[in-house]
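Student: Starting off with a structure, shown below.
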Amino acid sequence: MTDLTADPTACVRFDQHAVYLGTPGARQDCPAHLVGRTEALLLEPGAEGAPSATTVSEIDREVRATAPGVTATGVYGDDQALVRTILASAGFSAGPARKPGPAAAAPAAGAPATGSAAATTAAAPALPADATRYTGKGFDACTAPDSAAMSAWRADSPYQAVGIYIGGAARACAQPNLTAAWMQQQYTAGWRFLPVYVGAQASRITSPAAQGTAAADDAVAQAAALGLGPGSVLYYDMESYNVAAYSGVVQPFLSAWTTELHALGYNSGLYSSAATGMADLVATAASGKGYAMPDALFTARWNGVADTADPALPSTAWAGHQRAHQYDGNATETWGGVTIGIDRDYLDVQVTTRPTGKPTQTGIYRPASQTFALADSVGNLTHAAPFGSANDIPLTGHWSGPGRDT
């Protein structure tokens with residue numbers, strides 16, 4: 001058990017069995033990159049007049065209970081019943097178990113969000129459209145730093161973009177600072193954002209289309225509550241996985257994620273390792289299966305090089321300022337007297353379109369020449385590159401097939 005009053009820098013992390021008492025500190029000392037949830041409990045002071053109530057969000061793997069003077073947040077990996085039993089034994093209302101509701105449209109600015117996990121979360125006034133666009137160095141941290149830390153780093157560090165973990169069943173760190181007001185303050189100070197949603201991982205995907213759609217709905221609700229409006233890029237965090245075992249569920253899941261985000265007016269992003277997730281995505285794009293492709297990629301390859309080139313990606317794929325690169329990780333840096341555990345990123349993301357449900361580019365595999373080609377939305381061939389090559393091949397002609405050209 002961790003007393004957060006006695007140790008305000010303690011990291012409230014939900015990837016290990018623990019009980020936390022008190023309010024999470026504004027400047028937690030967390031490892032940079034944590035993923036996953038298991039059974040853990042956070043007990044915080046609450047409103048004295050709060051009613052006794054319990055709500056459950058399966059998509060976020062979270063049970064939230066209130067009683068006069070106290071709020072409890074229980075998270076779980078597999079055992080929701082254990083968390084509910086612990087809360088009931090502590091005198092909290094048991095509450096009915098609840099599964100995610102149907103997909104919902106993105107809320108209008110200022111209207112209540114209706115996503116599966118945020119039915120009572122109001123959308124914040126939207127930030128300007130360039131909130132998720134930036135070219136240059138950035139960092140991501142497991143928990144969003146407080147405003148004083150962000151100010152110190154904005155003045156002294158080489159970073160001007162920050163990765164934020166906006167939600168999902170595998171988000172491991174508590175986020176006491178991550179609010180719409182914090183987002184507005186950081187945007188005004190010059191920061192730009194990499195919004196990451198850490199949802200179900202490969203081994204937990206059982207119904208790819210339904211789960212991918214539900215994840216996109218929840219991500220949009222969480223993003224809207226932070227002021228990230230339509231046109232923003234939202235990145236799904238799919239950690240490294242066994243491609244041979246899980247590609248068959250991961251790729252339709254990500255296609256559903258992208259399709260639903262586009263339907264809601266958001267751009268789709270993917271964060272994954274170069275060796276597994278990105279290599280699998282490129283192979284899938286070349287396979288002719290017709291899956292919807294993300295608009296931007298955030299590649300994890302810790303090679304220490306601050307650029308967006310990657311041998312896992314054909315040079316012409318996602319080449320229109322559509323890439324970010326996590327080039328180093330588990331680092332600790334101090335700027336302006338403030339120390340934060342971070343992963344280091346380089347961004348070249350300038351995605352400006354607001355999706356309308358149809359991709360603007362289509363991947364084509366040409367078996368005869370073993371090339372990966374791109375076509376625009378009306379089928380005009382643009383460029384191609386042989387797999388493993390950095391040389392572009394300008395193309396002319398027209399294509400109208402389902403993703404595989406002969």
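Student: Taking the Cα centre of each part, how many Å lie between region 263-301 and region 157-226?
Tutor: Computed from Cα coordinates, the inter-centre distance equals 17 Å.
Student: Further question on the same structure: Based on alpha-carbon centroids, what's the gap between region 1-66 and region 305-339 in Å, whole number please?
Tutor: Centre-to-centre (Cα) distance: 31 Å.
Student: Tabulate in residue order the Karplus-calculated ³J(HN,Hα) for region 52-64, using 6.51 cos²θ - 1.76 cosθ + 1.60 with θ = phi - 60°, rounded to whole Hz; enter x for Gly and Pro.
Tutor: 7, 7, 9, 10, 10, 10, 5, 5, 9, 6, 9, 10, 10
Student: Taking amide hydrogens as modeled 1.01 Å from N in the peptide plane, which residues meet the under 5 Å criterion relative to residue 232, leaving out close sequence neighbours?
Tutor: Counting only residues 5 or more places away or on other chains, the set is 267.
Student: For region 252-350, treating each Cα as an identical point scatterer without solvent, what Debye log10 I(q)/I(0) comes out at q = 0.11, 0.17, 0.23 1/Å?
Tutor: -0.37, -0.79, -1.20
Student: Shifting gears a bit: Classify region 144-185: rounded, prolate or oblate, from the alpha-carbon gyration tensor (a ≥ b ≥ c, eigenvalue square roots; a/c under 1.5 rounded; otherwise prolate if a/b is larger than b/c)?
Tutor: prolate
Student: Moving to a separate point now. Tell me the volume per residue, in Å³, of the convex hull enclosing the alpha carbons of region 164-304. Write down the numbers at each step before the final one.
Tutor: Values: hull volume 16.2 nm³, N = 141.
Convex hull volume per residue, Cα atoms: 115 Å³.
Student: Taking a quarter of the surface of the Cα convex hull of region 2-89, what do you get in nm²?
Tutor: Result: 5.9 nm².
Laboratory data are not the source of any read-out in this text; all were calculated from the coordinates shown. Everything quoted here is computed from the prediction, not taken from an experiment.
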